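Undergrad: Structure below; questions to follow.
The values are calculated or read from the model by the stated rules, or taken from the named source; none is laboratory data. Quantities reported herein were computed from a predicted structural model and do not represent experimental measurements. All Cβ positions, even for glycine, are placed from backbone atoms using ideal geometry, and neighbour counts span all protein chains on display.
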Amino acid sequence: MTKEKCFILGIETSCDETSAAVVQDGRKILSNVISSQVELHKRYGGVVPEIASRKHIEMIDIVINDALEQAGMTLEEVDAIGVTYGPGLVGALLVGVSTAKAMAFALDKPLIGVHHIEGHIAANYLEHSDLMPPYMCLVASGGHSHIVWVKDYKQFEIMGQTRDDAAGEAFDKVARILGLGYPGGPLIDKLAKQGNKDAVHFPRARFEDGSLDFSFSGVKTAVLNYIHRLEQIGESYDRADIAASFQHAVVEVLVDKTIAAAKKAGVNAIALAGGVAANSALRELMVKKASEEHMKVYYPSPLLCTDNAAMIACAAYYGLQEGMEAGLDLNAVPNLPLLSSNLPNWK
């Protein structure tokens, strides 16, 4: 598009946040409304898909109207509509996709399908005007742990990924073991500040073939076995020490493999994305070790680490520039692969 200013309405409903946002030229947030369901799901210790879907239906029109009002715009003034179409919970995704398709059809506006992980990567552009490809991005959340080489705004290569639990999933499970509640990531981060990260040595999964993949199921099981063993012999344990030691084991592997990927690709910039990117220990260790390699580290503010529509609008902007418009047959794809040549806006 050659228009002087380009306004994208983004919609995000992949899990338990209903969000809508308006972003100008892919970089300037005019509004970013997020309706969180954390309190709703907390009693169950995790997200209940059916409840999430019903809440999205209840909130979707409200957050869109709020986003447009805060941006001081009408739907007619929006240039395109971007929406997360996968991966995620299928019922939740369908709420956003169906809404976006209806709006695009009624308004005769371009529809841009956005991969959720691509959205997390794009969140960094919203706060760092100097960040441009190529760079290495660590995407770590409750459902994903990927090291992605961002070669250009719409060109990506996976350098490593989890072979079992995602990092955020491991945080949630260990938080449950420690009786901390849900969501586990922020609670472990807070408790770990009171503990000694060197108190317990939990295993770090490293593969003999030199792979940059992750595995976090082992460290999660090690925490469970450690606590059970002490309980069986009647010994006490310090939850803060366990939280700090577990967190350090996970963070150390995330940092080391991301930096190794950056060195392998020959890039000198690293970005963090996803919910785990808000973890203070991860940020501190990444900055420390990256600086030793003369690499610069970028990460979004905590709000943009969570699921939000501003990041989806940002990613949709770059898709629009490449002419990656989706048809009205766009559907929710809960297990959408990170890279595929036949997807409407992922190449």
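Undergrad: Taking the residues in the range 293-332 that are in a loop (DSSP other than H, G, I, E, B) and within 13 Å of the chain's Cα centre (by Cα) as candidates, determine which candidate is farthest from ARG283 (Cα to Cα).
TA: That would be ASN308.
Undergrad: Condition test on TYR237, is it in contact (Cβ under 8 Å) with a residue 60 or more places away in the chain, surrounded by fewer than 23 Cβ atoms within 10 Å (Cβ to Cβ) and among the aromatic types (Phe, Trp, Tyr)?
TA: When the stated conditions are applied, TYR237 does not pass them.
Undergrad: Can I ask one more? Looking at the range 186-230, which of the residues that are part of a helix (DSSP H, G or I) and among the charged types (D, E, K, R) is nearest to the chain's Cα centre (by Cα)?
TA: Here the residue is ASP189.
Undergrad: Does the range 146-165 include one or more residues that are closer than 14 Å to VAL250 by Cβ and without any contact (Cβ under 8 Å) to a residue 24 or more places away in the chain?
TA: no
Undergrad: Collect the residues in the range 104-123 that are without any contact (Cβ under 8 Å) to a residue 60 or more places away in the chain and either buried (at least 24 other Cβ atoms within 10 Å of the Cβ) or among the aliphatic types (A, V, I, L, M) (or both), keeping them in residue-number order.
TA: Selection gives ALA106, LEU107.
Undergrad: Still on this structure, I have one more. Counting only residues that are in a helix (DSSP H, G or I) and of a type in the set (A, V, I, L, M, F, W, C), which one in the range 131-185 is farthest from ALA261 (Cα to Cα)?
TA: So, considering only residues that are in a helix (DSSP H, G or I) and of a type in the set (A, V, I, L, M, F, W, C), the one farthest from ALA261 (Cα to Cα) is ILE177.
Undergrad: Looking only at the range 140-180, how many residues end up being touching a Leu at 6+ places or on another chain (Cβ under 6 Å) and not hydrophobic (A, V, I, L, M, F, W, C)?
TA: 1
Undergrad: From the list ILE51, ILE8, pick out the single residue that is among the hydrophobic types (A, V, I, L, M, F, W, C) and in contact (Cβ under 8 Å) with a residue 40 or more places away in the chain.
TA: Within the list ILE51, ILE8, the selection yields ILE8.
Undergrad: Take the range 257-277 and flag every residue that is of a type in the set (Gly, Ala, Ser), surrounded by fewer than 22 Cβ atoms within 10 Å (Cβ to Cβ) and either within 21 Å of the chain's Cα centre (by Cα) or assigned to a helix (DSSP H, G or I) (or both).
TA: Passing the criteria: ALA260, ALA265, ALA269.
Undergrad: Run ALA205 past the list (1) buried (at least 21 other Cβ atoms within 10 Å of the Cβ); (2) without any contact (Cβ under 8 Å) to a residue 60 or more places away in the chain; (3) closer than 30 Å to MET295 by Cβ and report the number of the one that doesn't hold.
TA: (1)
Undergrad: Among the numbered conditions (1) buried (at least 19 other Cβ atoms within 10 Å of the Cβ); (2) of a type in the set (Ser, Thr, Tyr); (3) modelled with pLDDT under 90, tell me where THR162 comes up short.
TA: Every listed condition holds for THR162 apart from (3).
Undergrad: Just checking, does the range 203-215 include any residue being over 26 Å from LEU138 (Cβ atoms) and either of a type in the set (Phe, Trp, Tyr) or touching a Gly at 6+ places or on another chain (Cβ under 7 Å) (or both)?
TA: Within the range 203-215 (the criterion being over 26 Å from LEU138 (Cβ atoms) and either of a type in the set (Phe, Trp, Tyr) or touching a Gly at 6+ places or on another chain (Cβ under 7 Å) (or both)), the answer is no, since none of the residues qualifies.
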